[in-house]
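Q: Just passing along the structure, written as structure tokens.
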């Protein structure tokens, strides 16, 4: 990888981590790294110094820095998890279903996928996807319910529906449910009363997006069969170096690059996997970076693309920092970021998790935000709850256009009088500012409605702008914070669809379809309140509707 002007190119190695950086001006980059070293930023993070991000951030950062020592502090969990796995296997229980959202699901999913072990991840309110999880062999199933508070509506709904399914099959539900939560949470108390098989209490001084190496990441992964000791060994191999005040510290150097690039106007971090053994890393990093930095009208927007040849990477503009995930950390010699900002990264998963956490915290200091709060996350949740409360009385929004299988609604912009879906898409994309971004949000079944993922590349190709893709409501716990709190230069395409076979939620007055619709509508309303243009497309038939949409694009 070479920078646009060839003025900055350097590599560094921290234990098994290898990185190669491109930057447009070598002297200023080196100066920024040296300043971080002089300010002892790395050692102060390692020492859990809450003053690094300013006085306003101090109350939150004071209770959110225990992730720096997890390679050691999580060790006692390993035999406990392995012991429970042995018990379950002895009972013929070898299928693990994880009910969790955000950091409670993204980290275990990448850990298990990378290790090549099966994990059923349930981070959706799509009735069809929940049904698929229920359709597995329940006689062999244990459900891990992960929630820091226990109040996460999706996760609570999953727990309720699995508890009933176990009971209906004559299985002792309490013996098949494992809980991961924070000490003293409502879920911890309710779980003790319910007599669930095991309650793992996570470190309360670690936020969800930094929790990969806590019980939230380790319990489901370990029960599924991941070698947790090796994962922690990889993190431990770089712990001391990442906490050292050294100009070759990979976490400092990566954080400096992210922060400087943002402040120079390159506010998108585009991830392309060039053939690593890590599976789905970009999806985990997406939450870490977006939720940590996307606030106060600033932040870094992660964009996960399909390959280095994909639109958004191969044709990236000045607003993009290009991240090549490679097997050995060596950059593709033929690629030059237009912005001059880029990095190639290689190394084992455990080490990369810790490095990116350090880098994100460092970038937050340079950007001038608190990397440990999420001030806008609750907005969509509150709006969805209000819609659920009023779901029996609220009239349906009128569609501005119905074209074939697609009914369209708009919020936050004037669409005029479109004569067709193609006209409406043109009017919607005309709202896109220069060097802005398009967010595609698909409230669909990510195991079945896979054609929806093609929308990302199609829109990026058409607009020439960075385009993200997220499954709803999963993305609400990931990039949702950035959408409301980050740079106000996004437009939002929301896709929902008819549900052919709904699913009730025990002891709740709403179904999964009603919950999913409230989440989608609620988020659209919040985005519009923030002045973000939203185009809502509802498909009366999923596969054919997606084909129609792709054709219209």
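Q: Looking only at segment 1-20, filter to residues that are modelled with pLDDT under 95 and in a strand (DSSP E or B); which one of those is surrounded by the most Cβ atoms within 10 Å (Cβ to Cβ)?
A: 14
Q: Being in contact with a strand residue (DSSP E or B) (Cβ under 7 Å, 6 or more places away or on another chain) and in contact (Cβ under 8 Å) with a residue 12 or more places away in the chain, is that true of even one residue in segment 379-396?
A: no
Every residue, every condition in (1) within 30 Å of residue 434 (Cβ to Cβ); (2) in the same structural domain as residue 436 (by TED's automatic domain parsing); (3) surrounded by fewer than 23 Cβ atoms within 10 Å (Cβ to Cβ), yes or no:
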position	(1), (2), (3)
228	no, no, no
232	no, no, yes
240	no, no, yes
250	no, no, no
254	yes, no, no
261	yes, no, no
275	no, no, yes
282	yes, no, yes
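Q: Go through segment 263-290 and give me each residue that's in a helix (DSSP H, G or I) and closer than 19 Å to residue 483 by Cβ.
A: Answer for segment 263-290, where residues must be in a helix (DSSP H, G or I) and closer than 19 Å to residue 483 by Cβ: 282, 283, 284, 285, 286, 287, 288, 289, 290.
Q: If you take the residues in segment 436-459 that are assigned to a loop (DSSP other than H, G, I, E, B) and touching a residue at least 60 places away in the same chain (Cβ under 8 Å), which one is farthest from residue 295 (Cα to Cα)? Walk me through it before giving the result.
A: Within segment 436-459, the subset assigned to a loop (DSSP other than H, G, I, E, B) is 436, 443-449.
Narrowing the set further to residues that are touching a residue at least 60 places away in the same chain (Cβ under 8 Å) leaves 443-449.
Working: 443: 24, 444: 27, 445: 29, 446: 28, 447: 32, 448: 34, 449: 32 Å.
So the residue we want is 448.
Q: Of the conditions (1) surrounded by fewer than 24 Cβ atoms within 10 Å (Cβ to Cβ); (2) at negative phi, residue 184 fails just one. Which one is it?
A: Every listed condition holds for residue 184 apart from (2).
Q: Does residue 190 count as in a helix (DSSP H, G or I), more than 14 Å from residue 70 (Cα to Cα) and in the same structural domain as residue 140 (by TED's automatic domain parsing)?
A: In short, yes.
Q: Only one residue in 447, 515, 503, 425 is under 27 Å from residue 282 (Cα atoms) and either in contact with a strand residue (DSSP E or B) (Cβ under 6 Å, 6 or more places away or on another chain) or modelled with pLDDT of 95 or more (or both), so which one is that?
A: Working: 515 fails: under 27 Å from residue 282 (Cα atoms); 503 fails: under 27 Å from residue 282 (Cα atoms); 425 fails: under 27 Å from residue 282 (Cα atoms).
Every option except 447 fails the conditions.
Q: If you don't mind, another one. Looking at (1) surrounded by fewer than 19 Cβ atoms within 10 Å (Cβ to Cβ); (2) farther than 23 Å from residue 206 by Cβ; (3) touching a residue at least 60 places away in the same chain (Cβ under 8 Å), which one does residue 29 not meet, given that it meets all the others?
A: Condition not satisfied by residue 29: (1).
Q: Now, a different point. Within segment 61-94, how many residues are crowded, with 18+ Cβ neighbours inside 10 Å and over 18 Å from residue 356 (Cα atoms)?
A: 7
Q: Let me ask another. In the set 527, 493, which member is in contact with a helix residue (DSSP H, G or I) (Cβ under 9 Å, 6 or more places away or on another chain), surrounded by fewer than 24 Cβ atoms within 10 Å (Cβ to Cβ), under 30 Å from residue 315 (Cα atoms) and assigned by TED's automatic domain parsing to the domain that holds residue 383?
A: None of the others qualify; the one that does is 493.
Q: Which residue pairs have Cβ atoms under 6 Å apart, sit 6 or more places apart or on different chains, and have a first residue in segment 460-471 that is at pLDDT below 95 and a second that is surrounded by fewer than 24 Cβ atoms within 10 Å (Cβ to Cβ)?
A: Here the result reads none, with nothing in segment 460-471 linked to a residue that is surrounded by fewer than 24 Cβ atoms within 10 Å (Cβ to Cβ).
Q: Kindly establish whether residue 352 is assigned by TED's automatic domain parsing to the domain that holds residue 270, crowded, with 24+ Cβ neighbours inside 10 Å and within 11 Å of residue 270 (Cβ to Cβ).
A: no
Q: Related question: For residue 397, indicate whether it is farther than 30 Å from residue 427 by Cβ and either at pLDDT 95 or above or assigned to a loop (DSSP other than H, G, I, E, B) (or both).
A: When the stated conditions are applied, residue 397 does not pass them.
Q: What single numbered condition from (1) surrounded by fewer than 20 Cβ atoms within 10 Å (Cβ to Cβ); (2) in contact with a helix residue (DSSP H, G or I) (Cβ under 6 Å, 6 or more places away or on another chain); (3) in contact (Cβ under 8 Å) with a residue 40 or more places away in the chain fails to hold for residue 418?
A: If we test residue 418 against (1) surrounded by fewer than 20 Cβ atoms within 10 Å (Cβ to Cβ); (2) in contact with a helix residue (DSSP H, G or I) (Cβ under 6 Å, 6 or more places away or on another chain); (3) in contact (Cβ under 8 Å) with a residue 40 or more places away in the chain, just (3) comes out false.
Q: Additional query: Of the residues that make up segment 392-409, is at least one buried (at least 20 other Cβ atoms within 10 Å of the Cβ) and under 16 Å from residue 529 (Cα atoms)?
A: Checked segment 392-409: at least one residue is buried (at least 20 other Cβ atoms within 10 Å of the Cβ) and under 16 Å from residue 529 (Cα atoms).
Q: Residue pairs, Cβ under 8 Å, 6 or more apart or interchain, first in segment 312-338 and on the phi > 0 side of the Ramachandran plot, second in a loop (DSSP other than H, G, I, E, B) and crowded, with 24+ Cβ neighbours inside 10 Å. List them.
A: 312/305; 329/347
The values are calculated or read from the model by the stated rules, or taken from the named source; none is laboratory data. Computed from a predicted model, the values in this text were never measured in an experiment. Here the Cβ is made from the backbone with ideal geometry for all residues, glycine too, and neighbour counts use every protein chain on show.
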